[in-house]
Amino acid sequence: MPVHPKDQKGFASEQPTGTELFQQFSFADNACGRVCFYAESSVYQHDWEVFPYVMASGSSLIKEKGQWRIQTPHTIIMRNPGKHGIIFLDNKPWPCYSSEGIIIPKGEHVLSFGVSENVSEDKNSLRLAGISDELISCTQSAQEWSLVINLLPGVL
C-alpha cells in the first residue's frame, strides 16, 4: 500500500521496500518488541523473502568444535545446518524443529548434534514444528512435555 505521495521528495517509491521497509520494521521492533502488518499485500513478495534475516538481526552465531554458540534477543529459526541425528540445545534433547529449521528461543544457547543409530525420525515423537510468538522454554521427558511461550496480551 502506498504510504508516500508521489510528489513527496526523499523516497525512492510510494511503497516502502528494501532497506526503507526493513528500517521501519527495526524501529518499530525496537520501540515495542512487536510488529504487525495489517495486510500481507502491503509488503512486496521479494521483501518477504528477506524478512527472516531482518528479523534475526542482533543475533550472533559462532561455530566452534562441532557446535554452535547462539545469542539472540528474540526467538529465531536457524536454517538446518545439514543432516544430523539428535538435536541438543544446552546439552538437552531439543524437540523444536522442522524441515525448515531449528527454533531457538531468545538468550544464549549452545546447539549441538548427537549421532543416532536410527537417523530417521520417530514418527510418534512429539515436537514443536513452528511458532509465531516468543518461545521462552521447551522441555521434554519420557512422561511429560512442557512448553512456555509469551503470548500477546488478550490472545488465547
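For this structure, a couple of remarks:
- Prolate/oblate/rounded call for the chain, Cα gyration tensor, a/c under 1.5 rounded: prolate
- Amide H partners (placed H, <5 Å) of TYR97, local residues excluded: ILE103, LEU128
- Cα→Cβ-extended label distance, 7 Å offset, between ARG127 and ARG69, nm: 2.7
- Note on LYS106: lysines with a C-alpha under 17 Å away, same-chain residues under 8 apart excluded, are LYS92.
- Averaging the sequence gap over all C-alpha pairs within less than 8 Å and six or more residues apart, then dividing by the number of residues, gives the chain a relative contact order of 16 percent.
- Sites PHE27 and LYS6, calculated FRET efficiency, Cβ-Cβ separation with R0 22 Å, nearest 0.05: 0.40
- Distance (nanometres) between label positions extended 7 Å along Cα→Cβ at VAL50 and VAL35: 1.2
- By the compact-protein rule of thumb, 2.2 N^0.38 Å, the alpha-carbon radius of gyration of the stretch 1-55 corresponds to a ratio of 1.14.
- Estimated purely from DSSP H runs of n ≥ 4, each contributing -39500 (n - 2.57), the mean residue ellipticity at 222 nm for the chain is -4000 deg cm²/dmol once divided by its residues.
- Acute angle (nearest 10 degrees) that the helix 18-32 long axis makes with the longest principal axis of the chain, alpha-carbon atoms: 70
- Scattering curve values for the stretch 53-105, log₁₀ I(q)/I(0), Debye with Cα scatterers, q = 0.15, 0.16, 0.32 Å⁻¹: -0.41, -0.46, -1.60
Every number in this text was worked out from the coordinates using simple rules, so none of it is lab data. Only a predicted model underlies this, so the values are computations on that prediction, with no experimental measurement involved. Please note: Cβ atoms are built from the backbone with ideal geometry, for glycine as well, and neighbour counts cover all protein chains shown.
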